[in-house]
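Notes for the one structure printed next.
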Amino acid sequence: MTAANAVRVDRLSFRYPGSALTLNDVSFSIASGEIVGLVGPSGAGKSTLLQHLNGLLPTRLSESETNTWIDDIPVTRASLPDVRRRVGFLFQDPDDQLFCPTVFEDVAFGPLNLNLPDDEVRRRVQESLLAVGLSGYESRSTMRLSLGERKRVCLAGVFACQPSILALDEPFSSLDPRARRTLIGILKKFPGSQIVATHDLDVVVELCHRVLLLDGGQLRASGLTNDILGNAALMERHGLEVPLRLQPR
Amino acid sequence: MSDYLDRFGRDQSTCHRWPPLVKLYVAMGLILAATCAPITHGPLLGLIACAIFFVHSLARIPLAFVARRLFFFWPPLFLMALSLPLSQGCRAGWLMSATIICRGTLSFTTALWLVNVMPFDQLLATLRRLRLPSVFLAILALMYRFLFVLWDELDRMRTARQVRLFRKPSLWEQWQQGAQMLGRLLIRALDRADRVHGAMMARGWQGETRWLEQRQKDQR
């Protein structure tokens with residue numbers, strides 16, 4: 001049975017030790033199969049919010065206190081393995097995510113932690129690498145890949161766990177146009193829900209059904225992509241610009 | 001920078017074609033011989049050095065490559081060796097210094113040969129076959145992966161400093177700035193370790209490292 005809401009966040013607040021509130025009373029939900037863009041200026045709390053979805057920042061560990069639900073499962077200490085199996089997290093810097101010596105070992109890392117049989121692990125690695133267009137890269141060293149390739153290997157590592165939701169932190173940063181286009185194509189084919197934190201607003205227009213605008217740790221606006229990103233006054237107020245695709249010619 | 005130590009790891013010389021276990025045993029044998037040979041037995045040490053030189057030649061690893069790596073390895077080794085006469089007395093101390101320098105150099109050049117005839121993933125797979133503890137192997141794998149990431153980070157910091165240096169700094173300033181950079185690198189390394197730990201947990205890691213050989217032929 002598919003949950004109505006892939007992601008539900010209700011009045012989530014979070015502060016890193018010794019600093020101001022990074023997230024302040026944030027509430028939203030994402031439907032199954034929906035692609036949502038998370039936009040906002042630097043330091044708005046986008047990465048912090050994404051880390052809550054994967055339980056990497058579990059401030060509330062008991063069921064009664066949690067503010068985050070994934071496929072209607074509350075994110076608690078007990079549910080973390082299940083939550084992490086459902087949410088695939090792509091980190092901003094691929095060097096943080098590629099920690100194994102070879103592409104094969106790195107992509108196999110998640111499936112091995114799922115205790116899958118060896119043949120199934122191999123099959124998932126092959127399929128994931130095929131999905132990101134890197135078949136034949138299995139024995140390549142993770143250190144000797146271009147940035148675009150490293151991002152795609154990271155994504156293959158995420159795909160290999162077969163998540164139902166993708167949480168992507170700046171997936172397009174520092175990519176050249178071809179690598180960016182390839183990545184957009186891969187994400188468009190993903191059947192599940194996605195939440196994409198990015199500064200690349202033109203990609204948001206192309207990829208996302210809906211947008212959440214975060215600034216100063218608060219959710220300032222939420223709505224259809226063109227309505228939010230096309231609102232020049234709103235965008236300017238929060239240190240953003242109307243993307244080129246939506247600017248009047 | 002990432003191929004600083006194992007630039008020739010995926011070449012196709014005679015040595016590269018040896019089975020992984022043979023390469024590992026040859027390296028272990030040479031290191032064992034180098035560390036067990038007494039410093040007073042000059043001909044024996046010479047014979048071991050010749051054997052190491054021979055396997056390097058067989059693997060077609062250029063002498064200049066080995067020499068340049070030794071140039072980086074020797075300063076800390078010499079520093080450590082030269083401190084011994086100060087603590088152990090001159091006669092015994094110099095003998096120990098010579099032993100450390102000799103054994104260190106022979107062992108280092110052997111280890112350098114090993115990583116240049118065997119890609120690191122193959123080395124790890126071979127060590128796994130020898131049933132080394134998985135924690136130790138995980139540490140090795142992470143060290144190999146992130147050593148060069150940190151090295152590159154240090155390189156970027158050094159470049160950033162140089163573009164804003166408008167005069168040649170004094171030796172004292174160089175030491176001072178070098179120490180500051182190392183301190184900053186340590187903090188960055190800790191931050192990165194935190195993020196890597198997060199990335200591992202995000203993919204279901206719960207403290208136990210699991211391995212799967214990519215191909216059956218790796219297990220030979």
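The values are calculated or read from the model by the stated rules, or taken from the named source; none is laboratory data. This structure is a prediction, so every number in the text was calculated from the model and none was measured. Counting neighbours? That spans all protein chains shown, and the Cβs are built from the backbone with ideal geometry, glycine included. Accessible surface areas use protein heavy atoms only, side chains included; no ligands, DNA or RNA. Shrake-Rupley method; radii C 1.70, N 1.55, O 1.52, S 1.80 Å.
Things worth noting here:
- Residue match in region B:170-181 (condition: under 30 Å from A:Ser164 (Cβ atoms) and either touching a Ser or Thr at 6+ places or on another chain (Cβ under 7 Å) or in contact (Cβ under 8 Å) with a residue 24 or more places away in the chain (or both)): no
- Within region B:130-153, tally of residues that are in a helix (DSSP H, G or I), away from chain A (no Cβ under 14 Å) and either in contact with a helix residue (DSSP H, G or I) (Cβ under 9 Å, 6 or more places away or on another chain) or of a type in the set (D, E, K, R) (or both): 1
- Selection status of B:Arg188, away from chain A (no Cβ under 13 Å) and open to solvent by 30 Å² or more (accessible area, probe 1.4 Å): no
- Contact annotation: residue pairs with Cβ atoms under 7 Å, 6 or more positions apart or on different chains, pairing a residue in region A:87-113 that is within 7 Å of another protein chain (Cβ to nearest Cβ) with a partner that is assigned to a strand (DSSP E or B) and aliphatic (A, V, I, L, M), are A:Phe89/A:Ala167.
- Helices (runs of 4 or more DSSP H) fully within region B:33-95 that include at least 2 residues being under 19 Å from B:Thr109 (Cβ atoms) and touching a Cys at 6+ places or on another chain (Cβ under 9 Å): B:42-58.
- Residue check, A:Ala179 among the small types (Gly, Ala, Ser), in contact with a helix residue (DSSP H, G or I) (Cβ under 7 Å, 6 or more places away or on another chain) and within 16 Å of A:Gln194 (Cα to Cα): no
- Given (1) at the interface with chain B (Cβ under 7 Å from one of its Cβ atoms); (2) modelled with pLDDT of 90 or more, index of the condition A:Glu127 fails: (1)
- Some residue of region B:198-207 being in contact (Cβ under 8 Å) with a residue 40 or more places away in the chain, open to solvent by less than 60 Å² (accessible area, probe 1.4 Å) and under 30 Å from A:Leu112 (Cα atoms): no
- Single residue of region A:74-86 satisfying the filter (basic (Lys, Arg) and facing chain B (nearest Cβ under 7 Å)) that is least open to solvent (accessible area, probe 1.4 Å): A:Arg84
- Hits in region B:110-129 - residues which are more than 14 Å from chain A (Cβ to nearest Cβ) and open to solvent by 40 Å² or more (accessible area, probe 1.4 Å): B:Ala111, B:Arg129
- B:Leu142 in contact (Cβ under 8 Å) with a residue 40 or more places away in the chain and aliphatic (A, V, I, L, M): yes
- Options B:Leu58, B:Leu77, B:Leu24: the member that is closer than 27 Å to A:Glu105 by Cβ, more than 14 Å from chain A (Cβ to nearest Cβ) and touching a residue at least 24 places away in the same chain (Cβ under 8 Å): B:Leu24
- Note on region B:40-80: among residues that are of a type in the set (Val, Ile, Thr), open to solvent by less than 50 Å² (accessible area, probe 1.4 Å) and closer than 16 Å to B:Arg103 by Cβ, the one that is nearest to the chain's Cα centre (by Cα) is B:Ile52.
- For region A:119-134, the criterion of being assigned to a loop (DSSP other than H, G, I, E, B), open to solvent by 30 Å² or more (accessible area, probe 1.4 Å) and not polar (S, T, N, Q) is met by at least one residue.
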